[in-house]
1. Would you mind ranking Trp70, Trp198 so that the residue whose beta carbon has the fewest other beta carbons within 10 Å leads the list?
2. When all C-alpha to C-alpha distances in the range 32-79 are sorted into bins of 10 Å, what percent of pairs does each bin hold, rounded to whole numbers?
3. Measure up Lys134/Lys158; Lys64/Lys86; Lys64/Lys146; Lys64/Lys134; Lys78/Lys196; Lys68/Lys196 against 31 Å on the Cα-Cα distance and list the ones that go over.
4. On a full-extension model of 0.36 nm per residue, what is the gain between Val22 and Thr165, subtracting their alpha-carbon distance, rounded to one decimal in nm?
Amino acid sequence: MQNNKQAEMPDLPELTNPRQWVCNYADYLYCYAIIRINDQEQARDLVQETFLAALESLSHFEGKSTEKTWLTAILRNKIIDLYRKKSSGLYSQNEILEEEHEQQDFFDEQDGHWNNAYRPQEFAAAVENPLQHKEFERVLQGCMNKLPNLWYAVFSMKHVDEESTEIICSTLKVTPANFWVIIHRAKLSLRACLQKYWI
């Protein structure tokens with residue numbers, strides 16, 4: 001019976017074993033998703049959808065990357081699709097214009113750096129203790145949760161996934177000017193939140 005199964009899937013790379021995916025990768029993929037979308041139920045759903053999509057496209061897996069890398073790429077695309085859906089129509093042109101006007105107080109028009117009056121204060125000492133590091137990550141995630149969906153998506157793609165501005169703008173359908181307004185506003189919000197709950 002084992003030989004029949006192998007005969008049915010002769011082109012699959014030797015290391016591909018869908019029966020082991022949940023055991024080997026579910027926790028990793030869940031952690032990857034939860035950092036980027038911060039919704040436990042949705043993160044679990046996306047991991048399940050990733051496994052289903054991988055099963056459906058198993059014949060296209062050439063083994064040029066590891067299973068983990070391949071599954072992560074599928075999940076990443078699903079998260080980006082979710083960002084697109086969530087961000088669609090959430091940011092009106094009036095809001096952008098208002099925030100561009102507001103940010104003039106915070107940033108120098110010439111170089112984009114902080115104006116002296118609004119420059120961030122000295123932050124807490126470097127986090128070296130692993131327990132403090134976990135606590136800081138918890139506080140940071142809590143602060144990120146307070147961001148509007150589009151800001152969360154832009155900030156995550158830029159600073160968690162380190163995507164280029166061009167890819168973020170294209171993916172989320174925002175202009176470069178809108179992107180910079182959003183990223184500045186997200187940083188301002190996170191700074192205020194961290195100064196309140198961490199420092």
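1. Lowest to highest Cβ neighbour count: Trp198, Trp70.
2. 27, 53, 18, 2
3. Numbers: Lys134/Lys158 22 Å; Lys64/Lys86 33 Å; Lys64/Lys146 39 Å; Lys64/Lys134 35 Å; Lys78/Lys196 34 Å; Lys68/Lys196 38 Å.
Lys64/Lys86; Lys64/Lys146; Lys64/Lys134; Lys78/Lys196; Lys68/Lys196, as the Cα separations exceed 31 Å there.
4. Numbers: separation 143, 0.36 × 143 = 51.48 nm, distance 3.36 nm.
Separation in residues times 0.36 nm, less the Cα-Cα distance, equals 48.1 nm.
Values in this text are rule-based calculations from the coordinates and carry no lab data. Every value quoted in this text rests on a predicted model; they were computed, and no experiment measured them. When we count neighbours, we look across all protein chains shown, and the Cβ atoms used for this are built from the backbone with ideal geometry, even at glycine.
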